[in-house]
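What follows is calculated from the coordinates using simple rules that are stated; it is not laboratory data. None of the values given here were measured: they were computed from a predicted structure. Neighbour counts are summed over all protein chains in view; Cβ atoms, including those assigned to glycine, are modelled from backbone coordinates with ideal geometry.
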Amino acid sequence: MRMLKRAAFIPTTAGSKTSMKSGSPAIDSGTNTGCPSFDLDGTARPKDGNGDSTATCDMGAYEAGTIFNITLDIGWNMISSYIDPDDPDMAAVFAPIVADMELVKNSVGQVYWPSLPLNQIGNWNVNEGYLVYMNNPQTLTITGTQMIPEGTPLNLAQGWNMITYLRDTPLDIAVALADLSDTIVLAKNVAGQVYWPSLPLNQIGDMLPGQGYLVYLSAPDTLTYPNND
């Protein structure tokens, strides 16, 4: 049997949450048979900790965060994540791809612009979407805790909102935004395609994990996504 170094099992603290070291060989190396439903921090088990799309319990008493990869193209991208990062500081979230990016912007115009350097955003907010300008294509990897969409209501303002998509599978936008049926005027994706229910017009089709969306509301409202499939 291959032995793992003892250091691989030493947890590190990310904020107030104890988490496995990133890249530890203990991640997804356990078995789901007899694995407790929660680790010692109360994190649900098992999770896909190495990004291979298979949820397997980690070896040891703690479960590493779930990995989510977001593909970024050259130019503007509108993104979101159903994973709440272990370290939400924008500099930490984008550190692995900082050489290939220009800036990040939120819905109120605040920016994270590492080359200046300037961070008006502060921390990644899992309840929001973001515009990211890339100088080269890259993959943004976010590791953390998966959100429960039906348990995470999003309070939206009148006018434009840049929203997150908290489900881990695609869903027709008319179904996904059903809670906003009385207030939504239109929704738009980064490609300029629209969902305009009063026409009716749906160029977007499915909302997709990793994508952010602009939504215009006639009045404040609350959006709660349906549960994951």
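The table for this structure:
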quantity	calculated
Residues with amide H under 5 Å from that of residue 29, placed H, sequence gap 5 or more	59
Paramagnetic reach from residue 133 in the stretch 58-89 [backbone N under 12 Å; point 7 Å along Cα→Cβ]	75-77
The stretch 68-146: C-alpha gyration tensor shape, a/c 1.5 cut-off, then a/b vs b/c	rounded
Within the chain: Cβ-based charge dipole about Cα centre, in debye rounded to nearest 20 (Lys, Arg +1; Asp, Glu -1)	500 debye
Farthest positive-ward along the chain dipole, Cα basis, beta-carbon charges - from 69, 155, 114	114
Under the Debye formula (equal points on every Cα, no solvent term), log10 I(q)/I(0) of the chain at q = 0.11, 0.13 Å⁻¹	-0.60, -0.82
Cα gyration tensor category, rounded, prolate or oblate, for the stretch 149-222 with a/c compared to 1.5	rounded
Backbone HN-Hα couplings from phi across the stretch 116-123 [Karplus 6.51/-1.76/1.60, Hz, Gly and Pro as x]	6, x, 8, 10, 7, 7, x, 10
Rough spin-label spacing in nm, given labels placed 7 Å along Cα→Cβ, for residue 125 and residue 40	3.5 nm
Label-point separation, residue 148 to residue 76 (7 Å along Cα→Cβ), nm	3.6 nm
